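**Q** Got a structure for you, written out below as structure tokens; questions coming shortly.
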Amino acid sequence: MSDSQPIVQAIQLTKEFTRGQTVVSALASVDVSVRRGEFVALMGPSGSGKSTLLHLIAGMDKPTEGRLLVLDEEPATMSERSIARWRNNHLGFVFQAFNLIPVLTALENVELPLKLTSLSRAKRRENATTALNLVGLGDRLDHFPRQLSGGQEQRVAIARAIVTDPDIILADEPTGNLDAVSAQDVLALLQKLNKDFGKTIVMVTHDPHSAAAASRLIHLDKGKFVEAEDMPVSAKAI
């Protein structure tokens, strides 16, 4: 259940890219807010600006115009060192391609974000083990990515995203490389993190079934929001 406090607030947010002599507008004077505890799905065709918005929230890029406030901070104004620390403390990332390190075990992959903290090695391993247990992979701690299915790899990636107890989980097409059954498992896990643990989730997807896991749906087209709606209760059960 979300409250009225915006955790993400975009104000006349514009992002343009230059391709040769052409200026492409990825986002055009966008106003949007995400409240703490919401599960928001961003949908739209390729090039609609949904991934651009996710990257701006993460501080991976800077807006051309306008402002973006995340947790009452403005990522665009931070130094590279400050934003790296802020990102590790407050954001968790789930990518379509999993982005696991193949030579590390599941436990070692999940432990990686904690190496930027002051936690002891024993505490890091304890927290990583807890995260893997939460996603149902407590029996796969010592498995390498090549020994896991695609759905299991994505669950390891989700464990890595939540191991630092972030305020916001950013998911970019998290089911894009998964079969239908694995995708359903991942979506159910994201719903659990949202409903049972109160995690704010912003998910980019092109799949209506994946979007139905969210509590609010925002459509983008050509860099503008064309619709924002609460998902009907019947669509929320995955």
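The values are calculated or read from the model by the stated rules, or taken from the named source; none is laboratory data. Please read these numbers as outputs of a predicted model, since none were measured by experiment. Reconstructed Cβ throughout: ideal geometry from the backbone, glycine too, with neighbour counts over all protein chains shown.
**Q** For the range 140-163, check the following and say yes or no: at least one residue is of a type in the set (Val, Ile, Thr), out of contact with any Pro (no Cβ under 8 Å at 6 or more places or on another chain), outside any helix (DSSP H, G or I) and closer than 17 Å to residue 99 by Cα.
**A** no
**Q** Restricting the first residue to the range 191-209 and requiring it to be in contact (Cβ under 8 Å) with a residue 40 or more places away in the chain, which pairs with a second residue that is exposed (fewer than 15 other Cβ atoms within 10 Å of the Cβ) meet a Cβ separation below 8 Å and a spacing of at least six or different chains?
**A** 206/45; 206/46
**Q** Would you pick out the residues in the range 93-125 that are small (Gly, Ala, Ser), at pLDDT 95 or above and surrounded by 12 or more Cβ atoms within 10 Å (Cβ to Cβ)?
**A** Listed by number, the list holds a single entry, 106.
**Q** If only one of 82, 51 is assigned to a helix (DSSP H, G or I) and more than 26 Å from residue 152 (Cα to Cα), which one is it?
**A** Going through 82, 51 in turn, the sole match is 82.
**Q** Using beta carbons and a limit of 7 Å, which pairs, at least six apart or on different chains, have the first residue in the range 134-154 and within 12 Å of residue 110 (Cβ to Cβ) and of a type in the set (A, V, I, L, M, F, W, C) and the second one modelled with pLDDT of 95 or more and in a loop (DSSP other than H, G, I, E, B)?
**A** 141/105
**Q** Does residue 181 satisfy being at pLDDT below 95 and surrounded by 15 or more Cβ atoms within 10 Å (Cβ to Cβ)?
**A** no
**Q** Within the range 52-74, which residues are surrounded by fewer than 18 Cβ atoms within 10 Å (Cβ to Cβ) and over 23 Å from residue 89 (Cβ atoms)?
**A** 64, 65
**Q** Among the residues that make up the range 84-100, is at least one of them more than 30 Å from residue 144 (Cβ to Cβ), in contact with a Ser or Thr (Cβ under 9 Å, 6 or more places away or on another chain) and touching a residue at least 12 places away in the same chain (Cβ under 8 Å)?
**A** no
**Q** Would you confirm whether any residue within the range 109-121 is among the hydrophobic types (A, V, I, L, M, F, W, C), touching a residue at least 24 places away in the same chain (Cβ under 8 Å) and within 27 Å of residue 210 (Cα to Cα)?
**A** yes
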